[in-house]
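Structure first, commentary second.
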Amino acid sequence: MARSSLGSSHLNNRRPSTGFRALIACVVASVLLLTFYLREGEGGPVHLVRSGVSVVATPVRIVGSAVAAPFGAVGNAVGNLTASEQSLTDLKRENAELTAKVAELFEASAQADRLEGLLGLRSTYSLESTAARIIGTSSDAWTATVTIDKGSSQGLAVGMPVCNSGGVIGQIIEVSPTSSTVRLITDEQSGVSAMIQSSRAQGMLQGQPDGSLRLAYVPADAEVRNGDIVITSGLGGVFPKGVPLGVVTSVERAANASYYTIVVRAQATAENNEEILVITSLTADQAASAEEVRAANSAPAGGTASDGDGRVPPDQGSAAADEQTGGE
């Protein structure tokens, strides 16, 4: 009996020793494998075994994830249903705050882009200008005007051109101490001395009753194509030379006609724009050169931006009126 107890006690004492040795063996093996893994190259046997195990285990992980996903969704739904009223209220408030923050950041980003475009335009054309904001639009179907938040108190005057980041949008026609009215180039009473950028063919860009633009008085022997860019010519000394006005979308010539019928798509519009630039003065090199003025004066009647008899207006005052009325 004593011998049996001794044997049993002896076996009980050896079992922990065997488990401990196995643990040590595993630790040593792990250290060795880690050492080999770190020292061998990418094509070593331990790397290859690891890659093989990963390839075999990947489908199992995908299947397991797909099987577990519905249970996770159910768990989330149950959690939402059992959430307290206070928690749901807090989440709704947080969601509203985040939505408002996103809208605020988007608006700030859009405004920054617009202001950057205005600065780029002013820098590109070396414009003497002041910034303003559009605060209203015409309320009838017969005029195309906008109201801006600056007027004579800020040095603005009738006849000053107005641009956004895309190019010319119009010209001031009325001024009060704190606001001004801008007639857009798409208004049917508007007219701007213009030319085809590539061929330098001169004409008058006129607004139409339907809100479109026509480049009038371009001689039928001039070179004009769809896609040509239309820019300000600088004749009359009102608009600075070279600022974009639009793009030619259609060129037609009736039989025996002296001039083309040219439709232009406006390069810049007042829609979806808030910030604009008012050009307050021109430098000498922003007006048409003496040669360009002489060429315009010698053109056939109506062939250029004119005062009705084919000649360039002699001073800025008449030019401002002419370019707004299209020579009426």
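The values are calculated or read from the model by the stated rules, or taken from the named source; none is laboratory data. Note that this is a predicted model, so its numbers are computed, not measured. Every residue, glycine as well, gets a Cβ built from its backbone with ideal geometry; the counts of neighbours run over all protein chains shown. Remember, those area values only see protein heavy atoms, side chains included, never the ligands or the DNA or RNA. Shrake-Rupley method; radii C 1.70, N 1.55, O 1.52, S 1.80 Å.
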Being buried (at least 21 other Cβ atoms within 10 Å of the Cβ), in a strand (DSSP E or B) and either touching a residue at least 12 places away in the same chain (Cβ under 8 Å) or out of contact with any Ser or Thr (no Cβ under 7 Å at 6 or more places or on another chain) (or both), is that true of even one residue in the stretch 217-229?
no
Could you grab me the full set of residues in the stretch 129-170 that are loosely packed, with under 15 Cβ neighbours inside 10 Å, outside any strand (DSSP E or B) and of a type in the set (A, V, I, L, M, F, W, C)?
Ala141, Trp142, Ala157
If I ask for residues that are in contact with a strand residue (DSSP E or B) (Cβ under 7 Å, 6 or more places away or on another chain), open to solvent by 30 Å² or more (accessible area, probe 1.4 Å) and at pLDDT 85 or above, which ones from the stretch 259-282 would you list?
Tyr259, Tyr260, Thr261, Val263, Arg265, Gln267, Thr280, Ser281
